Amino acid sequence: MSTTTATTTTTRRAPADSTPHVARLPEPLAGPRPARGIPFGRLVRAELRKMIDTRAGRWLLVAIGVVIAGALTVLFVQQGGDHPYGAYLQATAMPMALLLPVVGILAVTSEWSQRTALVTFTLEARRARVAWAKVVAALAVGVVAVVLSFALAAAVHAAAIGLRGATGDWGVEGTVLLGAGGYVLLGLLQGLAFGMLLRNTPAAVVLYYVLPTGWSILGSLWSAAASAGEWLDLNRTMQPLFGGSLTGEQWAQLGTSVGVWVLLPLLVGMVWVTRAEVK
Amino acid sequence: MITVDHLTKRYGAFTALDDVSFSARPGRVTGFLGPNGAGKTTAMRVVAGLTPASSGTATVLGRPYAALPTPGRHVGLLLDASAQHAGRTGREVLTLGAILTGVDRRRVDEMLDVVGLTEKESLRRVRNYSLGMRQRLGLAHALLGDPEVLVLDEPANGLDPAGIRWMRDVLRGYAARGGTVLLSSHLLNEIERVADDLVVIGNGRVVAAGTTDELLSGTGTVARSVDDAALAEALRAAGVAVSPSATGGLVAETDADTVGRVALGAGVALRELRAGDERGLEEMFLELTAGAAREEVAA
């Protein structure tokens, strides 16, 4: 026994000490270490990048673009393209409202399913800031998508007028544009909120898509659920946004449902994320 | 500098860390050892602010991790090489790190070069990386912000012998430059070669801490004489525990001076008198963690 330990003694650390370091070390960085935390804008930039730097994220955005282009093409071909701008607008807003929330869900849940939260929260330990950066980044993507698609809808409508002799009908009020945009962005926020609450991609996606159907099934079976749905079914409370003007009661209903399905899960998710153990 | 002070972490009835205190000093590599489930990873996660402590504190460079401004510029972490998005390329992982840490993008190329990932490999998705490549990527990520402190959990896992040698050189060089390195490993030979200080943990408690030389230095004195039996008799009479040495002679649980004096008094001529054999790390590890180790099937 002691023979082997004696051998260990003589060779211990010999390789590290007797040979010069062959491994290259990184150059030290010039300048003082930052005394301030990571600026919020930098967090948002990183989060934006994360949404498009994986195949899943990229293809999701491409798919949304393809569906919108498809919907516009159908309108352009149908009935000589003779539809008002409002119809074109709706054709772009609906698929976006349906698919963009998945961008929000993935922005949050992929950190947990891919376990990158471990890295993210060690590079920025103020976790709530990371969560808010995700919200801002997702909304930025949403706003760009909405503006682009509305512009695309306008271009296709103009093309229908110019190329196919459709009757021009630009009669869309600003409030309708805002309402349609708000509809899409609220859906996106809901996706983010569900992602934060559940932190699991399939669960968040399923809940997001099943919830509206659940309301209509429940409502058809049980009248109390139907009347509760007027206040809690986001799909119904957000519908008037498309018309561009809401009554006081509709605002209240929208506010209630957004509070329950967007703000509440968002806040609970935020609290959880700041306290939880990151595995 | 990492200071862990009376750290306790409980999960319900299970105590993962029980009043753990140790520190990792600048300019030195501190090896963190312990059997599976002893609490090494939990302790490192508490240091990194990922796991909240039940009581006690862990500070890095004098502050709690969460209070470090732009942590990536102060601390480099490699806690789990597999915790990367499988669909991102290695280069993209580093680019995101560079954006958050606020270092120049050219640093990404430098890090890839330092850890030996080629341009082509850096453009592959992490999904297609071997564990060794992930470890290299993880180390590149940890070094991005030129941190003062490195915390690495099992960084040698999955590395080939050349990679292990390279990792050792990097860590030694890093400490020689004044950095603080805390690393855990199951490869005891590796730790023995690279670590200046050791912290041994078992069942969530620190069972030994000190410099590697201190911990591995043998206890007692080896003595050989013309009449070992008489010497043993005299030593026992002087109240010194004595056992036969495996290589012949005696091992006395005291210092060389005492053995010499006793031999002189007894009139036994000595042939050899020296400090006891240094223990191997493996021996020390198994001895210290015997109570904490999982039940092994008796061989």
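Please treat every number below as a calculation from the coordinates, not as lab data. Please read all numbers here as calculations on a predicted model, not as lab measurements. All Cβ positions, glycine included, derive from the backbone under ideal geometry; neighbour counts span all protein chains shown.
Below is a table of values for the structure above.
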| read-out | value |
| --- | --- |
| Mean Cβ neighbour count within 10 Å, used as a protection proxy, ranking A:175-182, B:239-246 highest first | A:175-182, B:239-246 |
| The protein assembly as shown - Kirkwood radius from inverse mean 1/r over Cα pairs (Å) | 28.1 Å |
| Residue among A:Ala35, A:Ala154, A:Ala138 with the largest mean-square fluctuation in a Gaussian network model of chain A, springs linking Cα atoms under 10 Å | A:Ala35 |
| Rounded to whole Å, sorted largest first: equivalent-ellipsoid semi-axes of the range A:194-279, Cα gyration tensor | 27, 16, 11 |
| Dipole of chain B, positive end: most advanced residue of B:Val103, B:Ala209, B:Pro161 [Cβ charges, Cα centre] | B:Val103 |
| Phi-based couplings in Hz for the range B:191-204 (Karplus 6.51, -1.76, 1.60; Gly and Pro marked x) | 4, 4, 7, 9, 8, 8, 10, 10, 10, 10, 10, x, 6, x |
| For the range A:143-265, radius of gyration divided by Kirkwood radius, i.e. Rg to Rh on alpha-carbons | 1.07 |
| Stokes-Einstein D for the range B:158-299, Kirkwood Rh over Cα pairs, 25 °C, 0.890 mPa s (µm²/s) | 137 µm²/s |
| Cα convex hull of the range B:1-85 - mean projected area over all directions, nm² | 6.5 nm² |
| Computed [θ] at 222 nm, deg cm²/dmol, chain A (DSSP H ≥ 4; -39,500 (n - 2.57); rounded to nearest 500) | -25000 deg cm²/dmol |
| Debye, to nearest 20: dipole size of the range B:2-215, +1 on Lys, Arg Cβ, -1 on Asp, Glu Cβ | 600 debye |
| Percentage, to the nearest whole number, of Cα pairs in chain B over 26 Å apart | 54 percent |
| The range B:28-101 - percent relative contact order, Cα under 8 Å, separation 6 or more | 21 percent |
| Over the range B:218-275, volume per residue of the alpha carbon convex hull, in Å³ | 65 Å³ |
| Equivalent ellipsoid, chain A (semi-axes from 5 times Cα gyration tensor eigenvalues, Å) | 50, 25, 17 |
| The range B:218-275 - percent relative contact order, Cα under 8 Å, separation 6 or more | 51 percent |
| In Hz, Karplus ³J(HN,Hα) per residue of the range A:262-278 (6.51, -1.76, 1.60; θ = phi - 60°; x = Gly, Pro) | 10, 5, 4, x, 5, 5, 4, x, 4, 4, 4, 5, 6, 9, 5, 7, 8 |
| Among beta bridges that DSSP assigns inside chain B, antiparallel share in %, nearest 5 | 65 percent |
| Where trypsin sites (Lys or Arg not before Pro) fall in DSSP loop in the range A:75-149, at most 12 other Cβ within 10 Å | none |
| Backbone HN-Hα couplings from phi across the range B:157-164 [Karplus 6.51/-1.76/1.60, Hz, Gly and Pro as x] | 4, x, 8, 7, x, 5, x, 5 |
| Mean Cα-pair separation over length for chain B, i.e. relative contact order, pairs under 8 Å, 6 or more apart, % | 21 percent |
| Under-5 Å amide H pairs with B:Ile201, H placed in peptide plane, nonlocal only | B:Leu33, B:Gly34, B:Val207 |
| Long-range amide H partners of B:Arg88 with built H, under 5 Å | B:Val126, B:Arg127 |
| Rounded D (µm²/s) - the range B:43-194, Kirkwood Rh over Cα pairs, Stokes-Einstein at 10 °C, 1.306 mPa s | 101 µm²/s |
| Selection from B:Gly76, A:Val176, B:Ile191 lying farthest towards where the dipole of the protein assembly as shown points positive, charges on Cβ | A:Val176 |
| Cα-projected label distance for A:Ala87 with B:Arg236, points at 7 Å along beta-carbon direction, nm | 11.0 nm |
| Dipole in debye (nearest 20) - the range A:39-272, about Cα centre, beta carbon charges: Lys, Arg +1; Asp, Glu -1 | 1040 debye |
| Dipole of the range A:39-272, positive direction: furthest Cα of A:Thr122, A:Leu198, A:Pro240, with charges on the beta-carbon | A:Thr122 |
| Two-site label geometry, A:Val66 and A:Ala35: point separation in nm, points 7 Å out along Cα→Cβ | 5.4 nm |
| For the range B:1-71 and the range A:102-148, distance of Cα centres in Å | 28 Å |
| Of A:Lys279/B:Lys120; A:Lys50/B:Lys120; A:Lys50/A:Lys279, pairs whose Cα-Cα distance is over 29 Å | A:Lys279/B:Lys120 |
